[in-house]
1. When the residues of segment 26-80 are narrowed to those that are among the hydroxyl-bearing types (Ser, Thr, Tyr) and in a helix (DSSP H, G or I), which ends up modelled with the lowest pLDDT?
2. Can you name every residue in segment 90-104 that is part of a helix (DSSP H, G or I) and either touching a strand residue (DSSP E or B) at 6+ places or on another chain (Cβ under 6 Å) or free of Cβ contacts under 8 Å to residues at least 60 places away in the same chain (or both)?
3. Condition (residue is touching a Pro at 6+ places or on another chain (Cβ under 6 Å) and either among the acidic types (Asp, Glu) or open to solvent by 80 Å² or more (accessible area, probe 1.4 Å) (or both)) applied to segment 13-34: is it met by at least one residue?
4. Take the conditions in contact (Cβ under 8 Å) with a residue 24 or more places away in the chain, farther than 30 Å from Ala23 by Cβ and open to solvent by less than 80 Å² (accessible area, probe 1.4 Å) and apply them to Gly117. Does it pass?
5. Determine which single condition Glu204 fails, assuming it passes every other condition in (1) more than 26 Å from Arg53 (Cα to Cα); (2) in contact with a His (Cβ under 9 Å, 6 or more places away or on another chain).
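The values are calculated or read from the model by the stated rules, or taken from the named source; none is laboratory data. Computed from a prediction, not measured in an experiment: that's the story for all the values here. For neighbour counting, all protein chains shown are included, and Cβ atoms are generated from backbone atoms with ideal geometry for every residue, glycine included. Heads up: the accessible areas ignore ligands, DNA and RNA and are worked out on the full protein's heavy atoms, side chains in. Shrake-Rupley method; radii C 1.70, N 1.55, O 1.52, S 1.80 Å.
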Amino acid sequence: MTLSFFNQFMSPVFLGIPLAAIAIALPWILFPAPTTRWTNNRLLNLQSWFINRFTQQLLLPVNMKGHKWAALLTSLMIFLITLNMLGLLPYTFTPTTQLSINLGLATPLWLATVITGMRNQPTHALGHLLPEGTPAPLIPVLIIIETISLFIRPLALGVRLTANLTAGHLLIQLIATASFVLLSMMPAVAITVTMVLFLLTLLEVAVAMIQAYVFVLLLTLYLQENV
């Protein structure tokens, strides 16, 4: 029983073909395509309003040089929200519960912010490794600590997203299993557990959206330090 709870996080395979790539590419088909007409429909208007508001809020603390990242960060945000939300449907696979996929998204983007800072303002970028006013005996230790914390950033991004989604999915499956088992023995308790499961599902929807936003927001903060 314990092992079956974790089977939902295994990458599905059909006829020897991993379906993770299809699970990653499929959400893009669900978005409405832009129209060639002068006026858009309500769905396209709502989508454009959401993207514009989010982009404006996300890049508010970043200077003009960082606005070149607007399309990339907004696309990443929509992509992560879609993957996380579709993973809550029955008989689906959530790619963002895989640490390898999250690290594959976090590491290149984090490295791009570091390279941008080293290319545009190397003195300022290296200055983050040593806080101002540090006593001389603590300089080597602080440089080592700040360097380690710098390289831990992509790992923290990937682990945060993976841990939150994995914990939520496990909790939903545990409560759903308990409700199914208690249905024949204690129906009243099973109904109560089902209500808790419904509330937890709503909470997991909010977590799926918030974690995608936090992932992109932290990348924006890393970008802000380097532009």
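1. Pass one, segment 26-80, residues among the hydroxyl-bearing types (Ser, Thr, Tyr): 35-36, 39, 48, 55, 74-75.
After this cut, where a residue has to be in a helix (DSSP H, G or I) as well, the list is 48, 55, 74-75.
Numbers: Ser48: 83, Thr55: 86, Thr74: 88, Ser75: 87.
In this case the residue turns out to be Ser48.
2. Step one: of segment 90-104, the residues part of a helix (DSSP H, G or I) are 95-97, 99-104.
Residues satisfying the conditions are Ser100, Leu103, Gly104.
3. no
4. On the way: in contact (Cβ under 8 Å) with a residue 24 or more places away in the chain: yes; farther than 30 Å from Ala23 by Cβ: yes; open to solvent by less than 80 Å² (accessible area, probe 1.4 Å): yes.
When the stated conditions are applied, Gly117 passes them.
5. All conditions are met except number (1).
Residues are listed down the side, and each one gets a yes or a no for (1) farther than 30 Å from Phe50 by Cα; (2) surrounded by 14 or more Cβ atoms within 10 Å (Cβ to Cβ):
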| site | (1), (2) |
| --- | --- |
| Arg160 | no, yes |
| Asn164 | no, yes |
| Ala167 | no, no |
| Leu171 | yes, yes |
| Ser179 | yes, yes |
| Leu183 | yes, yes |
| Val189 | yes, no |
| Val196 | yes, no |
| Gln224 | no, yes |
